[in-house]
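A.B. asks: Questions regarding the structure given below will be posed in turn.
The values are calculated or read from the model by the stated rules, or taken from the named source; none is laboratory data. Since this is a predicted model, take the numbers as computed values, not measurements. Reconstructed Cβ throughout: ideal geometry from the backbone, glycine too, with neighbour counts over all protein chains shown.
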Ligand code: SF4
């Protein structure tokens, strides 16, 4: 365990300085407009693994259509997914929707006020619970995400891998000890903001950092060495061939495919017929169309491929176009105009496959 490196009076001065800086320079973000737990919760979920700039338009649109927990709970999941469409990691939207239903059904429509109750909701882990409860209800729970961990590790000159369980626990303890200052939500946000705009991963801006005088890594010249680079998991190459079947009226068919790649890549949303392939993408896709849609013979024209990275998978999308006299009418399929794809929930991978049509030479 790292010994506390600030005496109680020093810690007080440090906290006072960081809070002053946060209040003076905090960014004007829509989820900071008030302390409504619903608004904070939606923002925290959207911000997981997604940059602020990317989240902003989605957040505004989502809140405009679903302004409170009751409207989210009563919305059809297809609509929630459509509003989320393009943000990725769709299990976040599904869990948000399930949790909203639970809050309405069992908690009188009110976001819980305790950690234990909050952790019972689907998709809410320690970080999201601490963020929402501290910001919305002043519950003194310290948050620990990648940004906060990096700031705390540098302040303590703590070397090594941040995600190593023992070290992460140590950082969580520090975050919890330091949150005992008023109001805890501002304190947590100040640490996050420092990590996002000043104490950035590659080149921290120590020369303008409000707390540099307390920072051990800065004093010791270790800022570039902390945190230690993450050991990357080898990414697995995967090839997915997909068919854009087009009839004379410019319509195509989308499916809900129970294939193994469906959940990871297409997020259980509407997608083009697709299959993971190995040696001969065209032949393997033809076989897939035959067995799943009953399409006996089809002339598949190759379209430009696209890269798609999902966590540790390195995916190459291989789109094909085929003109077809009649699209099959089957359960779990949907026929719609290629121009209207955005009317149904689709994932980014499906969007990339559709975009291959416009990148291809005239066909
Ligand atoms: S002095 Fe530099 S390394 Fe230390 S907290 Fe500030 S920005 Fe981060």
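A.B. asks: Can residue 186 be described as under 24 Å from residue 19 (Cβ atoms) and loosely packed, with under 13 Cβ neighbours inside 10 Å?
C.D. replies: Details: under 24 Å from residue 19 (Cβ atoms): yes; loosely packed, with under 13 Cβ neighbours inside 10 Å: no.
Criteria not met by residue 186.
A.B. asks: Related question: Considering every residue within the range 257-264, establish whether at least one is more than 16 Å from the ligand (Cβ to nearest atom), outside the structural domain of residue 151 (by TED's automatic domain parsing) and in contact with a helix residue (DSSP H, G or I) (Cβ under 8 Å, 6 or more places away or on another chain). Give the steps one after another, and end with the answer.
C.D. replies: At the first step, the residues of the range 257-264 found to be more than 16 Å from the ligand (Cβ to nearest atom) are 257-264.
This time we only want the ones that are outside the structural domain of residue 151 (by TED's automatic domain parsing), so: 257-264.
The next check asks that each one be in contact with a helix residue (DSSP H, G or I) (Cβ under 8 Å, 6 or more places away or on another chain); those that pass are 257.
Checked against the condition, which is being more than 16 Å from the ligand (Cβ to nearest atom), outside the structural domain of residue 151 (by TED's automatic domain parsing) and in contact with a helix residue (DSSP H, G or I) (Cβ under 8 Å, 6 or more places away or on another chain), the range 257-264 yields at least one hit.
A.B. asks: Give me the residue from the range 288-300 that is part of a helix (DSSP H, G or I) and either in contact with a strand residue (DSSP E or B) (Cβ under 8 Å, 6 or more places away or on another chain) or touching a residue at least 24 places away in the same chain (Cβ under 8 Å) (or both) and, out of that set, farthest from residue 330 (Cα to Cα). If you could, list the steps in order and put the result at the bottom.
C.D. replies: Let us first name the residues in the range 288-300 that are part of a helix (DSSP H, G or I), namely 288-293.
With the extra rule that they be either in contact with a strand residue (DSSP E or B) (Cβ under 8 Å, 6 or more places away or on another chain) or touching a residue at least 24 places away in the same chain (Cβ under 8 Å) (or both), the set shrinks to 288-289, 292-293.
Working: 288: 15, 289: 13, 292: 10, 293: 8 Å.
Restricting to residues being part of a helix (DSSP H, G or I) and either in contact with a strand residue (DSSP E or B) (Cβ under 8 Å, 6 or more places away or on another chain) or touching a residue at least 24 places away in the same chain (Cβ under 8 Å) (or both), the top hit is 288.
A.B. asks: Would it be correct to say that residue 155 is within 16 Å of the ligand (Cβ to nearest atom), over 25 Å from residue 34 (Cα atoms), modelled with pLDDT of 95 or more and assigned by TED's automatic domain parsing to the domain that holds residue 110?
C.D. replies: Working: within 16 Å of the ligand (Cβ to nearest atom): yes; over 25 Å from residue 34 (Cα atoms): yes; modelled with pLDDT of 95 or more: yes; assigned by TED's automatic domain parsing to the domain that holds residue 110: yes.
Yes; evaluated as a whole, the condition is true for this residue.
Residues are listed down the side, and each one gets a yes or a no for (1) part of a loop (DSSP other than H, G, I, E, B); (2) at pLDDT 90 or above; (3) surrounded by fewer than 20 Cβ atoms within 10 Å (Cβ to Cβ):
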position: 269; (1), (2), (3): yes, no, no
position: 275; (1), (2), (3): no, yes, no
position: 304; (1), (2), (3): yes, yes, yes
position: 308; (1), (2), (3): no, no, yes
position: 317; (1), (2), (3): no, yes, no
position: 322; (1), (2), (3): no, yes, yes
position: 327; (1), (2), (3): yes, yes, yes
position: 335; (1), (2), (3): no, yes, yes
position: 352; (1), (2), (3): no, yes, yes
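A.B. asks: Looking at (1) within 16 Å of the ligand (Cβ to nearest atom); (2) free of Cβ contacts under 8 Å to residues at least 40 places away in the same chain, find the lone condition where residue 125 falls short.
C.D. replies: The single condition residue 125 does not satisfy is (1).
A.B. asks: Let me ask something else about it. If a residue has to be assigned to a helix (DSSP H, G or I) and under 26 Å from residue 60 (Cβ atoms) to count, how many in the range 11-30 make the cut? Outline the logic, then answer.
C.D. replies: Narrowing the range 11-30 to residues assigned to a helix (DSSP H, G or I): 11-25, 30.
From what is left, the residues that are under 26 Å from residue 60 (Cβ atoms) are 22-25, 30.
Number satisfying all stated conditions: 5.
A.B. asks: Out of curiosity, is residue 163 closer than 23 Å to residue 92 by Cα, over 17 Å from the mean Cα position of the chain (by Cα), surrounded by fewer than 23 Cβ atoms within 10 Å (Cβ to Cβ) and in the same structural domain as residue 38 (by TED's automatic domain parsing)? Let's see the steps before the verdict.
C.D. replies: Values: closer than 23 Å to residue 92 by Cα: yes; over 17 Å from the mean Cα position of the chain (by Cα): yes; surrounded by fewer than 23 Cβ atoms within 10 Å (Cβ to Cβ): yes; in the same structural domain as residue 38 (by TED's automatic domain parsing): yes.
For residue 163, the condition - closer than 23 Å to residue 92 by Cα, over 17 Å from the mean Cα position of the chain (by Cα), surrounded by fewer than 23 Cβ atoms within 10 Å (Cβ to Cβ) and in the same structural domain as residue 38 (by TED's automatic domain parsing) - is met.
A.B. asks: Hey, does the range 183-194 have a residue that's in a helix (DSSP H, G or I), in contact (Cβ under 8 Å) with a residue 60 or more places away in the chain, within 10 Å of the ligand (Cβ to nearest atom) and more than 18 Å from residue 44 (Cα to Cα)?
C.D. replies: Looking for residues that are in a helix (DSSP H, G or I), in contact (Cβ under 8 Å) with a residue 60 or more places away in the chain, within 10 Å of the ligand (Cβ to nearest atom) and more than 18 Å from residue 44 (Cα to Cα), one finds none in the range 183-194, hence no.
A.B. asks: Is it fair to say residue 131 is assigned by TED's automatic domain parsing to the domain that holds residue 32, away from the ligand (no atom under 16 Å from the Cβ), buried (at least 18 other Cβ atoms within 10 Å of the Cβ) and touching a residue at least 40 places away in the same chain (Cβ under 8 Å)? Give the steps one after another, and end with the answer.
C.D. replies: On the way: assigned by TED's automatic domain parsing to the domain that holds residue 32: yes; away from the ligand (no atom under 16 Å from the Cβ): yes; buried (at least 18 other Cβ atoms within 10 Å of the Cβ): yes; touching a residue at least 40 places away in the same chain (Cβ under 8 Å): yes.
Against the criterion (assigned by TED's automatic domain parsing to the domain that holds residue 32, away from the ligand (no atom under 16 Å from the Cβ), buried (at least 18 other Cβ atoms within 10 Å of the Cβ) and touching a residue at least 40 places away in the same chain (Cβ under 8 Å)), residue 131 qualifies.
A.B. asks: Could you figure out which of (1) at pLDDT 95 or above; (2) within 18 Å of residue 17 (Cβ to Cβ); (3) surrounded by fewer than 16 Cβ atoms within 10 Å (Cβ to Cβ) isn't true of residue 204?
C.D. replies: Unmet condition: (3).
A.B. asks: Related question: From the list 217, 224, which residue is within 16 Å of the ligand (Cβ to nearest atom) and surrounded by fewer than 18 Cβ atoms within 10 Å (Cβ to Cβ)? So that I can check it myself, show each step before the final result.
C.D. replies: Working: 217 fails: surrounded by fewer than 18 Cβ atoms within 10 Å (Cβ to Cβ).
Criteria check complete, one pass: 224.
A.B. asks: Just a yes or no: is a residue in the range 24-32 over 24 Å from residue 198 (Cα atoms) and exposed (fewer than 15 other Cβ atoms within 10 Å of the Cβ)? Let's see the steps before the verdict.
C.D. replies: Taking the range 24-32 first, the residues over 24 Å from residue 198 (Cα atoms) are none.
No; the residues of the range 24-32 include none that is over 24 Å from residue 198 (Cα atoms) and exposed (fewer than 15 other Cβ atoms within 10 Å of the Cβ).
A.B. asks: Here is a further query. Look at residue 204 and say whether it is within 28 Å of the chain's Cα centre (by Cα) and either outside any loop (DSSP other than H, G, I, E, B) or within 10 Å of the ligand (Cβ to nearest atom) (or both).
C.D. replies: On the way: within 28 Å of the chain's Cα centre (by Cα): yes; either outside any loop (DSSP other than H, G, I, E, B) or within 10 Å of the ligand (Cβ to nearest atom) (or both): yes.
Answer is yes for this residue.
A.B. asks: Moving on to the next point. Among (1) under 28 Å from residue 23 (Cβ atoms); (2) modelled with pLDDT of 95 or more; (3) in contact with a helix residue (DSSP H, G or I) (Cβ under 9 Å, 6 or more places away or on another chain), which single condition is residue 96 missing?
C.D. replies: Only one criterion is unmet by residue 96, namely (1).
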